[in-house]
Amino acid sequence: TAHRLARPVAVPRYICRAAPKPLGESEDNNVSPTTPSTPTANSVSEAMTRSLVEVARMKGRTSNSTNIILVNDGSEENWRRLDKRVNKYPIQRAFTAIGTGGAEFRASMIEAVESVVGPVHVECVSQRSSSGGSYISVTVGPVWVQSCDQVIAIYSNMKESGAGNLKWII
């Protein structure tokens, strides 16, 4: 059966980058890191990561994993180019939305995915409330996605369906 594909619209596109080394650490441990004079997404990510690492150190925490910074460059063309290099369709992936509105929000996010890929089994849907109870995170998937256009359609549907309640899409 043919699935309805929404008209592609500009939706958040994220590029994952491994976090740089913490402040004061370089390959030879003798040279301080330098920052470009013109802020770029990468230099902003590096600065943010270094700040977070310093705060963690002051609190006595140590990292046992790599930090990932999500950067939104706002370009669907760049996202499609990256997607073409890293994904081979069909592919399984999950879609996560964070927002308010409880059961209504959950239902709208499920519908946003189902309208593109078809019915989603109940076991492929999960939700979690924030610690303060203000937000819920709804994850739909993993589901089979046949193309980049379907991914864009799902994110577009999530934005439309979540109108006033949607805060973030991951």
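The values are calculated or read from the model by the stated rules, or taken from the named source; none is laboratory data. None of these values were measured; they are calculated from a predicted model. No Cβ is skipped: glycine too gets one built from the backbone with ideal geometry, and neighbour counts run over all protein chains shown. Note: accessible area is taken over every heavy atom of the protein model, side chains too, but ligands, DNA and RNA are not part of it. Shrake-Rupley method; radii C 1.70, N 1.55, O 1.52, S 1.80 Å.
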I'd like to know if segment 117-127 contains one or more residues that are in contact with a Cys (Cβ under 8 Å, 6 or more places away or on another chain) and open to solvent by 20 Å² or more (accessible area, probe 1.4 Å).
no
Just need a number here: residues in segment 144-159 that are of a type in the set (A, V, I, L, M, F, W, C) and open to solvent by 10 Å² or more (accessible area, probe 1.4 Å).
2
Over segment 114-140, the set of residues farther than 18 Å from GLY164 by Cα, outside any loop (DSSP other than H, G, I, E, B) and in contact (Cβ under 8 Å) with a residue 40 or more places away in the chain is SER115, VAL116, VAL117, THR139, VAL140
Search result, residues across segment 128-143 that are open to solvent by 60 Å² or more (accessible area, probe 1.4 Å) and on the phi > 0 side of the Ramachandran plot
none
Please specify each residue of segment 76-90 satisfying the condition of being in contact with a strand residue (DSSP E or B) (Cβ under 9 Å, 6 or more places away or on another chain) and open to solvent by 40 Å² or more (accessible area, probe 1.4 Å).
ASN78, LEU82, ASN87, TYR89, PRO90
